[in-house]
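Working notes, beginning with the structure itself.
The values are calculated or read from the model by the stated rules, or taken from the named source; none is laboratory data. On a predicted model such as this, the values are computed, not experimentally measured, just so you know. Counting neighbours? That spans all protein chains shown, and the Cβs are built from the backbone with ideal geometry, glycine included. Note: accessible area is taken over every heavy atom of the protein model, side chains too, but ligands, DNA and RNA are not part of it. Shrake-Rupley method; radii C 1.70, N 1.55, O 1.52, S 1.80 Å.
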Amino acid sequence: MLVSGRGSNLEAVLRAIKRRRIRGAEVAVVISNKPGVKALEIASRFGVASVVIPSEGLERSAYDKKVSECLADHGVEPGTGLVLLAGFMRLLSADFVGSFRGRILNIHPSLLPSFPGLDAQKQALDYGAKVAGCTVHFVVPEVDAGPIVLQQAVDVREKDTAETLSARILRKEHVLYPLAVKLFVEGKLSIEGRRVRIRD
Ligand code: GRF
């Protein structure tokens, strides 16, 4: 899993594995591009290996090569592994995305294609949207643009601030992301153009 910060989605996935809601999968390694972040503490609490690969000053392709090598060192290979982005605040190169094609998932705190990019919850609020939410999608080189696996809507309330709305969306993220991972691990997802088919 690739992270940059708080790691609450990482924790949700690790908990789902621990409670055997997701079976037949393990998180092989947590890679953070930032040192000292909470996600690293969470990894160690769950006994999962973690590695910091600082991204500052590195070109995108050089950075992604290091990530690929680290994944391979932990047995995560293109064609078999699954790469989960959870609050990973970097874009991945087309080469990296290409090599793990159809095997990288991300969670984004909006109902895509509305409000891609940073501060999605604030974007929704500022726009005056009445419904916000979160999306799990496959990753393509373009930001927040890949085929959608699952979405969950969250009503915007009159008194919402970016913080209160984000908190309500986050609670839904913690259900949606483990569910998407479970569906992937069970081999129930297939990508047909822009559509992700879910078997059963
Ligand atoms: C989440 O809101 C996720 O949707 C977005 O970044 C945030 C990460 O939070 N991509 P956390 O690090 O999982 O707590």
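Run through the DSSP bridge list for the chain and note the antiparallel percent, rounded to the nearest 5.
60 percent
In Å, what Rg and Dmax follow from the Cα atoms of the chain?
Here Rg and the maximum Cα pair distance are 16.3, 49 Å.
Filter 38/66; 122/159; 18/188; 34/65; 66/188; 18/122 down to the pairs with a C-alpha to C-alpha distance above 24 Å, please.
The answer is 66/188; 18/122.
Let me know the shape class of segment 1-101, please: from the alpha-carbon gyration tensor, a ≥ b ≥ c as square roots of the eigenvalues, rounded when a/c is under 1.5, otherwise prolate if a/b is greater than b/c, or oblate.
oblate
Starting from the Cα of residue 172, draw a straight line to each of the aspartates and glutamates and keep only those under 13 Å, dropping any in the same chain fewer than 8 residues away.
Cα-Cα hits under 13 Å: 155.
Tell me, what % of the accessible area of the chain is carbon and sulfur with a 1.4 angstrom probe?
Roughly 50 percent, rounded to a whole number.
Grab the beta carbon distance between residue 122 and residue 72, set R0 = 30 Å, and tell me the FRET efficiency rounded to 0.05.
For R0 = 30 Å, the calculated efficiency reads 0.20.
So for the chain, averaging the separation of alpha carbon pairs under 8 Å that are six or more residues apart and normalising by length, what relative contact order in percent results?
Result for the chain is 19 percent.
So, R0 is 30 Å and r is the distance between the beta-carbons of residue 162 and residue 142; what FRET efficiency does that work out to, to 0.05?
The pair residue 162/residue 142 has a calculated efficiency of 0.75.
Does anyone have the angle between helix 8-18 and the longest principal axis of the chain? Alpha-carbon axes, 0 to 90°, nearest 10?
60 degrees
Inverting the mean 1/r over all pairs of different Cα atoms, compute the Kirkwood radius of segment 89-200 and quote it in Å.
14.5 Å
Can you tally the net charge around residue 56? Count Lys and Arg as +1, Asp and Glu as -1, for every other residue whose Cβ sits under 14 Å from the Cβ of residue 56.
In short, +3.
With a 1.4 Å probe and all protein chains left in place, how much accessible area per residue does the chain have, in Å²?
With all protein chains present, the chain gives 53 Å² per residue.
So how tilted is helix 60-73 from the main axis of the chain? Cα-based, degrees 0 to 90, rounded to 10.
60 degrees
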